[in-house]
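One structure below.
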Amino acid sequence: MLNFNWFNNINLIVAKLIILAVFILQFVFALLFSKKYIYAGATDKSKWRNLKYWIFLLTLIMITIYAVF
């Protein structure tokens with residue numbers, strides 16, 4: 001069985017910073033996607049189909065929510 005008692009020793013601010021860092025790392029990973037992968041299966045190459053914009057928007061929303069609450 002997993003024992004997560006060591007979480008009790010982590011400060012709340014440090015825990016928030018760790019979560020925010022994970023979101024930022026995911027965003028950086030998404031920026032590395034090639035255009036071929038991003039537009040796979042798309043009939044046109046319009047801007048709204050670019051996953052990088054959507055990932056940026058969603059990451060910004062998640063960071064805002066986790067930073068405030």
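The values are calculated or read from the model by the stated rules, or taken from the named source; none is laboratory data. Note that the structure is a prediction, hence the values are computed from the model and not measured. All Cβ positions, glycine included, derive from the backbone under ideal geometry; neighbour counts span all protein chains shown.
Listed values, structure above:
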item: Criterion: in a helix (DSSP H, G or I) and either surrounded by fewer than 12 Cβ atoms within 10 Å (Cβ to Cβ) or more than 12 Å from the chain's Cα centre (by Cα) (or both) - qualifying residue of A40, A67, A30; result: A67
item: Positions within region 9-26 being closer than 16 Å to A67 by Cα and either touching a helix residue (DSSP H, G or I) at 6+ places or on another chain (Cβ under 9 Å) or not in a helix (DSSP H, G or I) (or both), in sequence order; result: N11, A15, K16, I19, L20, F23, I24
item: Set F23, F4: member being exposed (fewer than 13 other Cβ atoms within 10 Å of the Cβ) and out of contact with any Pro (no Cβ under 8 Å at 6 or more places or on another chain); result: F4
item: Pairs with Cβ under 6 Å, 6+ apart, first in region 44-68 and closer than 16 Å to L20 by Cβ, second surrounded by 12 or more Cβ atoms within 10 Å (Cβ to Cβ); result: I55/A30; T59/F23; T59/F27; M62/F23; I63/L20; I63/F23; Y66/I19
item: Residue count for region 43-56, restricted to those that are part of a loop (DSSP other than H, G, I, E, B) and not charged (D, E, K, R); result: 3
item: Residue check for L51: modelled with pLDDT of 85 or more, of a type in the set (A, V, I, L, M) and surrounded by 10 or more Cβ atoms within 10 Å (Cβ to Cβ); result: no
